[in-house]
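Undergrad: Quick one: the structure is below, and I'll ask about it shortly.
The values are calculated or read from the model by the stated rules, or taken from the named source; none is laboratory data. Bear in mind that the values here come from a model prediction, so they are computed numbers and not experimental data. A quick note on method: Cβ atoms are made from the backbone with ideal geometry, for glycine too, and the neighbour counts reach across all protein chains shown. Surface accessibility is based on the protein's heavy atoms, side chains included, excluding ligands, DNA and RNA. Shrake-Rupley method; radii C 1.70, N 1.55, O 1.52, S 1.80 Å.
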Amino acid sequence: MAANFVRAPRYAHIVGWGKALPERVLTNSDLEAIVDTSDAWIRERTGIRERRIAGEHDTTVSLGFAAARQALEVADVLPAEIDLIIVATSTPEHIFPSSASLIQDALGATAAGAFDLSAACTGFIYALSMAAQAIISGSITTALVIGSETMSRLVNWQDRGTCILFGDGAGAVVLRASDIPGGILANVLHSDGSGRDLLNAPLVGSPDLGLRGNGEAAPFKMTMNGQEVFRFATRVIKESILEALEKAGLTLADVDWVIPHQANERIIARAAKSLDLPMERFIMNLDQYGNTSAASIPIAMAEAAERGDLRPNDTVVLVAFGAGLAWGATVLTWGVTPPPEQTRLNRYRREMAYFLARQRSNLVRTLRRLLSLLQLSPLRNVLRRLDHEEHTPTGGNNRGPAQ
Ligand code: ACO
């Protein structure tokens, strides 16, 4: 007889948030010494006053790790409880391993799967959508979603059209399964790769670089058609907000807050006007941090939550656009408030987890190195023989292909 299972609906709620920004501030006036620009031009055309720039020891992983720690603290979640870590970034430390794997190792999140996601400035929306769907489907319970960037290491500091726009930083959220209705209500994701040349930063695998695999240095260089991106952005902000709201069964009248990708104040103002939404509903911080790509939405969200602007049952729309071209929006209910009293024991267990993660990682890597050295030493033959005997109890000759 076939069992008739009816699964209770699951929801994915944001229960923790955090941010990390490098200490170094680069003001518009500082930029006047680097390229032919002015504070007045940058403020008027973009709304940006200053941005943070990664110091020598700041990396996409270190910033993402710091933001993640804060988010776990707010959520009162232990690293071992995380099932999945997604890092949205355009500036990973390596092509591989993923920044997500390195953060997983640093956190001691030993039960978590981890991967990086590349969708440029829309990366956080894509990552949030993937994690929420994994939770809602019942395949996981707890996810850590991070947007982390060190854009200052990618921009062309001779190009005044782009270098003035970007900054570094990271934001993170913890998503958790709940049976309380709310959380992530709807996502819309879009892409149009025919716009690849409008905003482009080629990597080693790109034919654009003409690399022939002979070891020549890769001339990474970001290029952008600012006006085309501007036009595209104002159009898709409106379209994707309306589409996501419709999918969630809501209207503009239900919206308490919009957290847009922080690219340009004029883009956001124009989109707000076309939606007939007051600018006061848009959470903005681009004057302080510039465009931090995939990190901009989670940083703005963490700040709004810290200020107490986001209140239980608020309807919040996240919207982003950028290279790809890619764009998208998320509608969510700010629902589950974090536990008011964190147990001191959990805080201690988290600190211990980070400490042990560092020791474990160092120990495992040292042991691995040691073992591979042993394999190369004269002991190698002894080890091989031992290995051989262990796997061939009959002592038969099954060595396979000659070495
Ligand atoms: N300082 C002074 N003058 C400048 C600067 C600068 N930093 N940059 C450009 N100019 C000059 C130009 O050379 C041009 O001079 P000209 O008229 O003598 O030729 C003039 O200013 C106007 O240039 P425009 O490009 O028309 O300026 P615009 O008003 O479009 O502003 C900007 C440029 C700020 C780049 C704008 O187009 C923009 O923000 N576009 C969207 C970009 C964006 O958001 N990108 C990120 C997407 S997210 C991601 O995925 C990475």
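Undergrad: What figure, in Å² to the nearest 10, do you get for the accessible area of Lys221 with a 1.4 Å probe and non-protein molecules left out?
TA: 100
Undergrad: May I ask you to rank Tyr348, Tyr126, Tyr354 by accessible area, largest first, using a 1.4 Å probe over the protein chains only? Please report the intermediate quantities before stating the final value.
TA: Values: Tyr348 140, Tyr126 45, Tyr354 5 Å².
Most to least solvent-accessible, the answer reads Tyr348, Tyr126, Tyr354.
Undergrad: Another question about this same structure. Hey, rough spin-label estimate for Arg281 and His57, points 7 angstrom out along Cα→Cβ, what's it come to in nanometres?
TA: My value for the distance between the label points is 4.5 nm.
Undergrad: With label points built 7 Å along Cα→Cβ from the Cα atoms of Thr223 and Trp157, find their separation and express it in nm.
TA: The two pseudo-label positions are separated by 2.3 nm.
Undergrad: Which ³J(HN,Hα) values, rounded to whole Hz and listed in residue order, are derived for region 159-167 from phi using the Karplus coefficients 6.51, -1.76 and 1.60 in 6.51 cos²θ - 1.76 cosθ + 1.60 with θ = phi - 60°, glycine and proline given as x?
TA: Along region 159-167, the couplings run 9, 5, x, 10, 5, 6, 8, 9, x Hz.
Undergrad: So if each residue of separation counts as 0.36 nm, and I subtract the Cα-Cα distance between Ser274 and Arg347, what length gain in nm does that give?
TA: Working: separation 73, 0.36 × 73 = 26.28 nm, distance 4.62 nm.
Taking 0.36 nm per residue and subtracting the Cα distance, the gain is 21.7 nm.
Undergrad: What order do Arg365, Arg153 take when sorted by accessible area (1.4 Å probe), most exposed first?
TA: On the way: Arg365 110, Arg153 130 Å².
So the residues, ranked largest to smallest area, are Arg153, Arg365.
Undergrad: So if we plug the beta-carbon distance of Ala111 and Leu370 into 1/(1 + (r/R0)^6) with R0 = 30 Å, what FRET efficiency do we get, rounded to 0.05?
TA: E between Ala111 and Leu370, to the nearest 0.05, is 0.65.
Undergrad: Using a Gaussian network model of the chain whose springs link C-alpha atoms within less than 10 Å, name the residue from Leu107, Leu175, Leu250 with the highest mean-square fluctuation.
TA: Leu250
Undergrad: In addition: Please give the per residue accessible area of the chain, computed with a probe of 1.4 Å over protein heavy atoms only, in Å². If you can, show how the numbers build up before the last one.
TA: Working: 20350 Å² over 403 residues.
That works out to 50 Å² for each residue.
Undergrad: Per DSSP H run of at least 4 residues, take -39500 (n - 2.57); add these up for the chain, divide by its residues and hand me the 222 nm value, nearest 500 deg cm²/dmol.
TA: Mean residue ellipticity at 222 nm (helix-derived): -12000 deg cm²/dmol.
Undergrad: Let me ask something else about it. Find how much the distance from Glu239 to Asn362 grows on full extension, using 0.36 nm per residue of separation minus their present alpha carbon separation; answer in nm with one decimal. Each step should come with its number before you reach the end.
TA: Details: separation 123, 0.36 × 123 = 44.28 nm, distance 4.89 nm.
Gain on stretching Glu239 to Asn362: 39.4 nm.
Undergrad: With Kirkwood's inverse mean 1/r over C-alpha pairs for Rh, give me the Rg to Rh ratio of the chain, two decimals please. Walk me through the numbers before you get to the answer.
TA: Working: Rg = 23.9 Å, Rh = 22.9 Å.
Ratio of gyration radius to Kirkwood radius for the chain: 1.05.
Undergrad: Report the relative contact order of the chain, percent, no decimals, based on alpha-carbon pairs under 8 angstrom and at least 6 residues apart. Working shown, then result.
TA: On the way: 860 pairs, mean separation 92.4, N = 403.
This gives 23 percent for the chain.
Undergrad: Tell me, in nm to one decimal, what length is gained between Arg196 and Asp179 on full extension, where the rule is 0.36 nm per residue of separation less the Cα-Cα distance?
TA: On the way: separation 17, 0.36 × 17 = 6.12 nm, distance 4.11 nm.
This chain segment gains 2.0 nm when fully extended.
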